[in-house]
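A quick write-up on the structure given underneath.
The values are calculated or read from the model by the stated rules, or taken from the named source; none is laboratory data. No experiment lies behind these values; they were computed from the predicted model shown. As a convention, Cβ positions derive from the backbone with ideal geometry for all residues, glycine included, and neighbour counts pool all protein chains shown.
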Amino acid sequence: MVEAKPMHDRPDDLAAFYEALNGATTTGELTAVLTSAMARLGFRHACYHVVRLDATGGRMPYVLHNYGNSWADHYFREGFLEIDPVLKAGPVNPLPFHWNDVVNADTLNRDQTRMFSDAREAGIRDGYSIPIVGPHQDQATVTVIPDEAGDAGRRLIEDCKHLVHVMAFYFDRHARSPLINERLSSRRQKSLLSPREQEVLRWTARGKTSSEIAEILELSTKSVEFHLDNAKKKLGTYSKTHAVVKALTLGLVAM
């Protein structure tokens with residue numbers, strides 16, 4: 001376990017983080033800077049999640065993380081994005097919070113309970129989330145997961161929380177513009193997706209199966225699969241879950 005030091009004893013960590021972040025312009029570079037900095041502090045995983053409203057009021061989520069493709073695929077495939085109580089807790093908790101402090105196991109439904117069980121199996125346990133409200137009231141959250149669970153993880157968070165807070169706010173301020181620019185640069189890519197392909201991807205992101213989407217959109221299951229296959233090809237992805245993750249990251253579909 002990394003031995004944490006107070007923020008005033010870690011000026012080199014902040015300086016290195018600022019320098020690396022100022023040179024990051026793509027989602028891949030931003031993800032690497034955030035996750036590497038948090039790993040040096042003793043956090044196994046880090047995630048940046050921001051939701052913007054589009055012109056129609058739809059939610060445009062962006063997600064940067066190092067949870068791994070296996071968990072990300074499972075998370076979106078099972079529709080956890082729509083039911084995740086941690087994401088719902090962010091907008092109503094202006095202060096940073098431990099997941100266990102805001103999520104009451106007695107109030108979780110069956111799917112939410114399964115989500116946390118699956119997360120624990122993937123090594124994602126009690127996280128620490130920092131809500132950030134942007135200039136246009138768009139909500140962002142930086143989350144870190146300690147290497148160790150339980151009391152050891154809590155001690156690490158307590159020792160590092162001020163440094164993590166500073167890094168989180170600086171990361172948010174720096175990351176929003178590149179994410180917006182990448183979204184703008186993806187407009188041509190988005191224009192290649194037909195409205196139906198965008199619609200099918202949006203319902204897939206909500207955890208719906210092809211047969212369920214077919215019923216919702218009054219299409220055949222074969223037609224839904226056709227639109228999903230076209231979207232995968234246009235996005236250069238290998239699976240429908242990969243297509244959903246890429247579309248959400250680039251802001252190509254609204255939730």
> Looking at Asp12, is it loosely packed, with under 13 Cβ neighbours inside 10 Å and assigned to a helix (DSSP H, G or I)?
Replying inline: yes
> When the residues of region 75-84 are filtered to those that are surrounded by fewer than 18 Cβ atoms within 10 Å (Cβ to Cβ) and more than 13 Å from the chain's Cα centre (by Cα), which remaining residue is farthest from Arg110 (Cα to Cα)?
Replying inline: Arg77
>> Among the numbered criteria (1) over 22 Å from Phe76 (Cα atoms); (2) modelled with pLDDT under 80, which one does Leu250 miss?
In response: (1)
>> Just to be sure I understand, how many residues within region 95-137 are surrounded by 12 or more Cβ atoms within 10 Å (Cβ to Cβ) and part of a loop (DSSP other than H, G, I, E, B)?
In response: 10
